[in-house]
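One structure is given below, encoded as structure tokens.
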Amino acid sequence: MDEIPFLSLKDVNGRLREEIDSAIRRVLDSGSYIRGAECEAFESEFAGYCGTKHAVGVGNGLDALILTLKAYIELGRIPPGSEVIVPSNTFIATILAVSEAGLVPALVEPRIETANIDPGLIERSISGRTSAILAVHLYGRAAEAGRIREIADRRGLLFIEDAAQAHGAAIDGRRVGSFGDAACFSFYPGKNLGGIGDGGAVTTDDDGIARMVRMIANYGSEEKYVHALKGVNSRLDEIQAAVLRIRLARLNEDNERRRKIAADYIEGIKNPRIELPIPGIAEECVWHLFVIRCDARDDVAAFLASRGIQTGIHYPTPPHRQGAYHEWADRSYPVAESIHTRALSLPMSPCLTDEEVSRIVDAINCFDGAWHGKSRKAPGLGNNPRL
Ligand SMILES: *Cc1c(COP(=O)(O)O)cnc(C)c1O
């Protein structure tokens, strides 16, 4: 029986082999490898896709977040040392960016149904020192951007999106990346829009922020050897930009395939022990991950592994339980903790076939509540590409 990988990046890019080969050759022959014609074209295509005036290509998604926060600080729109509201349930990069920019993360619990930040809880976490709300569109599902925008406007705060998992998700026809004052994307290979290396972008309608992000990311310079401020080096390279242009042209089609797979999972999985994600409104979710929940999560993973099906956990440990934030060890975020102990991600990729999906559905429907095999440790587990 063939293994069903959690996500085969080789397949994702392999189907575009000829296009990618010729794009790489084109870059090689151009002699321009950083911030050249490919980057410029990608920035304009990606801004057009998101519906924003600007997209600035940067080195990775974490840098997109850090550079955005630093740009607001540099322009005097975020006070140094102020508080930024972030979800307690996210990939840790969101929170690390706030710390790295010298700001204070204020954690707010998610809604259990969506795993996204609960707008009803944001308001009571706003203090006199709060400067911004940094919301994440987790697992590919758009956060409640309308309500967050309203709270931010009423309380005089910035709204920044972490859209690293949700390229193409939309609310009422408007795509994520265009709701916040600025939005941050990652093009890590495993994302819905991914390169063959690191990459990221900041989208915004704000000329000043776009210019400042670009400048900080280029040694604080707009003119060669003239350095207006203490910047860093975080730029999108030409090979990534060229590959991302190819992937962007197929993003809607890939997201459609993910939606079909999610619909098939939701329709086919009938096991009272397994909780399925809410389908929600189709366009709002691009299913970066398909996360089920179950009390016997590790048993389900081991059972699926015994049937050749790899799974992932997003994420095994919540940020406030990580060594990086040992100072928060005695805090409690019960909703985030419950998601982290019960979540299991099923294979999800535009390359997953109908046969593979039905094999996964059948296997889950056979799970009887416990894993009866020898090892509780699933062979595929912990081995997956980080997402
Ligand atoms: C992947 C990810 C990031 C970081 O992106 P990198 O390109 O890996 O630095 C940030 N936030 C979220 C929610 C992510 O999933």
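The values are calculated or read from the model by the stated rules, or taken from the named source; none is laboratory data. All values reported here derive from a predicted model rather than from experimental measurement. Reconstructed Cβ throughout: ideal geometry from the backbone, glycine too, with neighbour counts over all protein chains shown. With ligands, DNA and RNA removed, areas are computed over all heavy atoms of the protein, side chains included. Shrake-Rupley method; radii C 1.70, N 1.55, O 1.52, S 1.80 Å.
The set of residues in the stretch 170-180 being of a type outside the set (Lys, Arg), assigned to a strand (DSSP E or B) and surrounded by fewer than 21 Cβ atoms within 10 Å (Cβ to Cβ) consists of 171 alone.
Applying the criterion of being of a type outside the set (D, E, K, R) and away from the ligand (no atom under 12 Å from the Cβ) to the residues of the stretch 177-197, the residue that is farthest from residue 166 (Cα to Cα) is 196.
Scanning for something without any contact (Cβ under 8 Å) to a residue 24 or more places away in the chain and either surrounded by fewer than 21 Cβ atoms within 10 Å (Cβ to Cβ) or away from the ligand (no atom under 16 Å from the Cβ) (or both), does the stretch 234-254 turn up at least one residue? Yes, because at least one residue in the stretch 234-254 is without any contact (Cβ under 8 Å) to a residue 24 or more places away in the chain and either surrounded by fewer than 21 Cβ atoms within 10 Å (Cβ to Cβ) or away from the ligand (no atom under 16 Å from the Cβ) (or both).
Candidates 288, 326: the one that is modelled with pLDDT of 95 or more and surrounded by fewer than 19 Cβ atoms within 10 Å (Cβ to Cβ) is 326. Scanning the stretch 140-169 for residues that are in a helix (DSSP H, G or I) and open to solvent by 10 Å² or more (accessible area, probe 1.4 Å) gives 146, 147, 149, 150, 153, 154, 155. When the residues of the stretch 198-227 are filtered to those that are open to solvent by 20 Å² or more (accessible area, probe 1.4 Å) and touching a helix residue (DSSP H, G or I) at 6+ places or on another chain (Cβ under 7 Å), the one that is nearest to the ligand (Cβ to nearest atom) is 212.
The residues of the stretch 86-139 that are touching a residue at least 24 places away in the same chain (Cβ under 8 Å), surrounded by fewer than 21 Cβ atoms within 10 Å (Cβ to Cβ), within 16 Å of the ligand (Cβ to nearest atom) and outside any loop (DSSP other than H, G, I, E, B), listed by number, are 96, 100. Number of residues in the stretch 344-387 that are modelled with pLDDT under 95, open to solvent by 70 Å² or more (accessible area, probe 1.4 Å) and more than 15 Å from residue 3 (Cβ to Cβ) equals 7.
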